[in-house]
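The values are calculated or read from the model by the stated rules, or taken from the named source; none is laboratory data. Note that this is a predicted model, so its numbers are computed, not measured. Neighbour counts are summed over all protein chains in view; Cβ atoms, including those assigned to glycine, are modelled from backbone coordinates with ideal geometry. Keep in mind that these areas ignore ligands, DNA and RNA; they rest on the heavy atoms of the full protein, side chains included. Shrake-Rupley method; radii C 1.70, N 1.55, O 1.52, S 1.80 Å.
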Amino acid sequence: MKTIDYSAVRYELTEALRNLEVLYESLENHETHFASEVDYWTSSIELIRQCLYGCTKHYEGELNLSMSIKEIKNEISNAYALKYSWLTEVQQNKLRFAWLRLEKSEGHLKK
């Protein structure tokens, strides 16, 4: 039987959220399509994170956590490739670090 450290998953999701929130705040015009994407990712990660509160031995919800995280990672990867040229280096790093934190959280779920 595998045991998942849900506190580690929540931690990685929290760090991803922090990076995306800083990225969102750094965008000059919050009315852009990209800003709405970042806001959507933040909301989605927050929802996943909230689902994990109270989990100690196993997750009993209906949301497939790994698939949800993978979906957000894919969206971030696509956005990174498309928006790379006009993001500042700091913004690129925030997006990259958020993706890496999601990768780590997904890894904790697979252990």
The stretch 1-47: projected area of the alpha-carbon convex hull, averaged over directions, in nm²
3.6
As a test of the definition: which semi-axes, in Å, follow for the stretch 28-111 when you take the square root of five times each eigenvalue of its alpha carbon gyration tensor? Largest first, please.
27, 14, 10
When only the heavy atoms of the protein chains count and the probe is 1.4 Å, how do 106, 62, 71 rank by accessible area, highest first?
62, 71, 106
Name the lysines eligible as straight-distance cross-link partners of residue 110: C-alpha to C-alpha under 17 Å, and not fewer than 8 places from it in the same chain.
2, 57, 70, 73
Could you state how much accessible area residue 66 has, in square angstrom rounded to the nearest 10, with a 1.4 Å probe and all protein chains kept in place?
30
Loop only per DSSP, at most 10 neighbouring Cβ atoms within 10 Å: give me the trypsin sites (Lys or Arg not before Pro) in the stretch 1-56, ordered by residue number.
2
Loop chymotrypsin sites (Phe, Trp or Tyr not before Pro), the stretch 12-111 (other Cβ atoms within 10 Å of the site Cβ: 10 or fewer; DSSP):
53
